[in-house]
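Report on the following structure.
The values are calculated or read from the model by the stated rules, or taken from the named source; none is laboratory data. Note that the structure is predicted; figures quoted are calculated from it, not measured. Glycine gets a Cβ as well: all are built from the backbone with ideal geometry, and neighbour counts include every protein chain shown. Just the protein is used for accessible areas: all its heavy atoms, side chains included, with ligands, DNA and RNA removed. Shrake-Rupley method; radii C 1.70, N 1.55, O 1.52, S 1.80 Å.
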Amino acid sequence: MAHLENASLRLDLARYIATFLLQYLTLVCWSWTSGFALGSLARRTVRVTGTLFCLVLFGELLAVPQHHNEVNAAVFQLTFYDRVLPLILRTVLVLLPSILGMRHGLRLARPPLLKTVLWAVVIVIMTAMASRTLAMSGVYGWWRLGADSWQVWLLPLAVLWPVGYMIATASWQRWSGKELGRA
């Protein structure tokens, strides 16, 4: 608690908390949007593709050995931090939003255009902000590609393809006059 008395440390703590919350919220939005695209694209096979998605999401966690930084080895010796916490985070941040997006995609295959555009703008802004904070914090240094590599900068764009699908679908629906609520 003595650390919180220092104003600069409080500022750093607030900055780190805001960065993590932004990254978590961005991941939740990506997950929901991907689930929506999966639900509306694969309507008949959503149960199969959703099950395969879950197997990939959790199978990697259980089948592939997790490598941790040696500095944090003492923390990851505890089963909670090594196995349980990653399972909880994947469930809350990826699985639940994806399932909600799939359900929404099954019910409403073509969302209203204005809502879709606003949702897309919010996700693009959050993606840009999260990418910027990751690049500034050196997280991209974990990869073999550097932060200046064009592949790393295209990664957030690849994650945004479901947003493009939602906009295209809503635009086509409005253009063709089949907007929801019209008979």
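Things worth noting here:
- The stretch between W172 and T49 holds 41.7 nm of extra length on full extension. This uses 0.36 nm per residue minus the Cα-Cα distance.
- Ranked by solvent-accessible area (1.4 Å probe, protein heavy atoms only, all chains present), the residues Y24, Y165 order from largest to smallest as Y24, Y165.
- Projected label distance in nm at D82 and K115, using a 7 Å step from Cα toward the beta-carbon: 4.6 nm
- In the assembled protein chains, H68 presents an accessible area of approximately 70 Å² (probe radius 1.4 Å).
- The residues of region 1-50 expose, per residue, 69 Å² of accessible area to a 1.4 Å probe.
- Rounded to the nearest whole Hz, the Karplus-based 3J(HN,Hα) values (6.51 cos²θ - 1.76 cosθ + 1.60, θ = phi - 60°) of region 20-25 follow the sequence 5, 4, 4, 5, 5, 5, with x at glycine and proline.
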